[in-house]
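Have a look at the structure below before the remarks.
The values are calculated or read from the model by the stated rules, or taken from the named source; none is laboratory data. Source: prediction; values computed, not measured. Cβ: placed from backbone, ideal geometry, glycine included. Neighbour counts: every protein chain shown. Calculation scope for accessible area: heavy atoms of the full protein, side chains included, ligands and nucleic acids excluded. Shrake-Rupley method; radii C 1.70, N 1.55, O 1.52, S 1.80 Å.
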Amino acid sequence: MANQIKVKLFESSYPILIGNDSLLKLVDKINSFHLSKCLIVVDHNVNKIHSFLIRKIFATVDCKIFLYVFTANEKNKNLKQVENIHHFLSTNYFGRDSAIIAIGGGITGDLAGFTASTYMRGIKFFQVPTTLLSMVDSSVGGKTGVNFNQQKNLIGTFYQPNGVYIYPGFLSTLPQKELISGAGEVLKYSFLADKKNYLLLKKNLEKLFSGKEVNFNSLITSCLKIKANIVMNDEKELTGLRRILNLGHTFAHAFEVESNYKLKHGEAFIAGVFCGLLLSEITGYINKQKINLFFKDISFININDLVKDLNPESVYKTMVGDKKNSSSRVCLVLIEDIGSIVVDVIVSKELIIESINRMKKMI
């Protein structure tokens with residue numbers, strides 16, 4: 001029996017289903033719309049491993065199914081790839097009564113969602129995340145986008161999916177490195193709600209890093225309940241509440257760019273959260289005793305060695321160009337305590353670089 005979370009929005013509410021029968025529920029949902037065509041946009045690696053499952057599940061869909069396979073990496077997350085999918089949709093006569101289904105990680109979801117939002121001013125769109133990072137975060141909330149001019153997600157839209165269908169079984173085929181790549185987002189959520197969630201998510205992170213069995217249904221559900229609540233109260237970042245989800249993100253995006261994407265998003269994000277915590281102490285939002293306690297709690301989490309080679313000055317310059325900033329000033333999300341987050345904090349270059357250098361010493 002799938003866990004269900006309802007994302008209730010003013011214009012477009014949708015379900016999140018988490019469980020072994022979630023893909024069958026997706027087929028039922030697609031059939032209820034009486035669509036003419038569906039395009040599955042799928043990552044090459046996912047299709048290679050799960051092609052039989054994908055064919056088996058979608059064999060019972062009432063409309064015609066098409067497949068678009070691409071290599072999901074940051075360099076392919078661009079307008080050219082969107083144009084290629086638009087061309088595929090157009091030449092195969094996809095109309096407004098059609099849909100796109102994204103099967104893959106965050107890159108696949110962001111790219112397919114942006115394509116769905118711009119083709120014929122918007123067609124139906126479903127998310128089927130296959131990585132831990134996309135399951136606990138990026139598949140929910142309606143942010144779509146592509147990279148442009150060496151900046152992450154610079155061009156994009158807010159476009160909510162018609163449903164998010166999470167089959168944790170996909171995680172069984174991922175290497176440990178890929179699972180750990182999702183740990184940064186889980187770590188972020190541990191600070192966003194309350195002590196109960198903090199302890200629950202920390203316990204699961206410890207199991208993940210030690211290679212023990214993790215209850216992924218529970219882990220994913222806990223993270224998405226927090227995110228869904230935030231999105232329902234600030235869908236398009238108008239009140240500032242949703243910006244708490246950016247804890248660590250500005251650092252992480254800069255680390256990715258400066259590593260020429262050798263760092264995976266999740267790996268960069270772990271380093272980004274560490275910098276966010278350190279900067280919170282440097283700027284006086286949290287005391288040294290409390291921050292040391294947090295770092296003791298998460299001492300089992302390791303930062304990727306590639307971060308050591310990044311130049312803090314170059315990282316800062318990339319941070320200045322981040323879309324979340326205003327008037328070339330770096331605006332960051334910092335923490336006072338579990339569940340007490342401060343947004344839009346303008347921080348000087350010197351303090352940002354100090355936090356990066358202190359983070360690098362922890363590697």
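Being of a type in the set (Ser, Thr, Tyr) and part of a loop (DSSP other than H, G, I, E, B) is the filter here, so list the residues in region 5-38 that pass it.
Scanning region 5-38 gives Ser12, Ser13, Ser36.
Return yes when Ile226 is within 16 Å of Ser134 (Cα to Cα) and not charged (D, E, K, R) and no when it is not.
Here the answer is yes, as Ile226 does meet what is asked.
I'd like the residue in region 255-292 that is among the aliphatic types (A, V, I, L, M) and either more than 16 Å from the chain's Cα centre (by Cα) or open to solvent by 10 Å² or more (accessible area, probe 1.4 Å) (or both) and, out of all such residues, is nearest to Met362 (Cα to Cα).
Going through the qualifying residues, I end up with Leu278.
Read through the list (1) open to solvent by 20 Å² or more (accessible area, probe 1.4 Å); (2) touching a strand residue (DSSP E or B) at 6+ places or on another chain (Cβ under 6 Å), then give the number of the only condition that Leu39 fails.
Looking at each condition in turn, Leu39 falls short on (1).
Given the structure, is Leu179 surrounded by fewer than 21 Cβ atoms within 10 Å (Cβ to Cβ), hydrophobic (A, V, I, L, M, F, W, C) and under 18 Å from the mean Cα position of the chain (by Cα)?
Against the criterion (surrounded by fewer than 21 Cβ atoms within 10 Å (Cβ to Cβ), hydrophobic (A, V, I, L, M, F, W, C) and under 18 Å from the mean Cα position of the chain (by Cα)), Leu179 qualifies.
Among the residues of region 49-79, write down those that are touching a residue at least 60 places away in the same chain (Cβ under 8 Å), open to solvent by 50 Å² or more (accessible area, probe 1.4 Å) and either of a type outside the set (A, V, I, L, M, F, W, C) or in contact with a Leu (Cβ under 6 Å, 6 or more places away or on another chain) (or both).
Once the filter is applied, which keeps residues that are touching a residue at least 60 places away in the same chain (Cβ under 8 Å), open to solvent by 50 Å² or more (accessible area, probe 1.4 Å) and either of a type outside the set (A, V, I, L, M, F, W, C) or in contact with a Leu (Cβ under 6 Å, 6 or more places away or on another chain) (or both), region 49-79 yields Asn73, Lys75.
Residue check: is Glu237 surrounded by 19 or more Cβ atoms within 10 Å (Cβ to Cβ), without any contact (Cβ under 8 Å) to a residue 60 or more places away in the chain and not β-branched (Val, Ile, Thr)?
When the stated conditions are applied, Glu237 does not pass them.
Could you grab the pairs with beta carbons closer than 6 Å, sequence gap of 6+ or different chains, first residue in region 245-267 and of a type in the set (Gly, Ala, Ser), second one open to solvent by 10 Å² or more (accessible area, probe 1.4 Å)?
Between residues of region 245-267 that are of a type in the set (Gly, Ala, Ser) and residues that are open to solvent by 10 Å² or more (accessible area, probe 1.4 Å), the close pairs are Ala254/Thr318; Ser259/Leu306; Gly266/Leu133.
Just checking, which of Tyr189, Tyr165 is on the phi < 0 side of the Ramachandran plot, of a type in the set (Phe, Trp, Tyr), touching a Pro at 6+ places or on another chain (Cβ under 9 Å) and open to solvent by less than 10 Å² (accessible area, probe 1.4 Å)?
When all the criteria are applied, what remains is Tyr165.
Report the residue count in region 6-32 for those that are modelled with pLDDT of 95 or more, within 23 Å of Val231 (Cβ to Cβ) and open to solvent by 70 Å² or more (accessible area, probe 1.4 Å).
Of the residues in region 6-32, 3 are modelled with pLDDT of 95 or more, within 23 Å of Val231 (Cβ to Cβ) and open to solvent by 70 Å² or more (accessible area, probe 1.4 Å).
Looking at (1) open to solvent by 10 Å² or more (accessible area, probe 1.4 Å); (2) touching a residue at least 60 places away in the same chain (Cβ under 8 Å), can you tell me which one Leu224 breaks?
It is condition (1) that Leu224 fails.
From the list Gly95, Gly104, Gly142, Gly122, pick out the single residue that is open to solvent by less than 20 Å² (accessible area, probe 1.4 Å), within 23 Å of Lys262 (Cβ to Cβ), touching a residue at least 12 places away in the same chain (Cβ under 8 Å) and of a type in the set (Gly, Ala, Ser).
Sole residue among the options that is open to solvent by less than 20 Å² (accessible area, probe 1.4 Å), within 23 Å of Lys262 (Cβ to Cβ), touching a residue at least 12 places away in the same chain (Cβ under 8 Å) and of a type in the set (Gly, Ala, Ser): Gly104.
Can you run down the residue pairs with Cβ atoms below 9 Å, 6 or more apart or on separate chains, where the first is in region 32-43 and farther than 12 Å from Phe125 by Cβ and the partner is at pLDDT 95 or above and of a type in the set (Lys, Arg)?
Every condition considered, the pairs that remain are Ser36/Lys64; Lys37/Lys64.
So, of the residues in region 207-217 that are within 30 Å of Val343 (Cβ to Cβ) and modelled with pLDDT under 95, which turns out to be least open to solvent (accessible area, probe 1.4 Å)?
Leu208
Please determine whether any residue of region 344-353 is among the hydroxyl-bearing types (Ser, Thr, Tyr), open to solvent by 20 Å² or more (accessible area, probe 1.4 Å), touching a strand residue (DSSP E or B) at 6+ places or on another chain (Cβ under 7 Å) and in a loop (DSSP other than H, G, I, E, B).
No.
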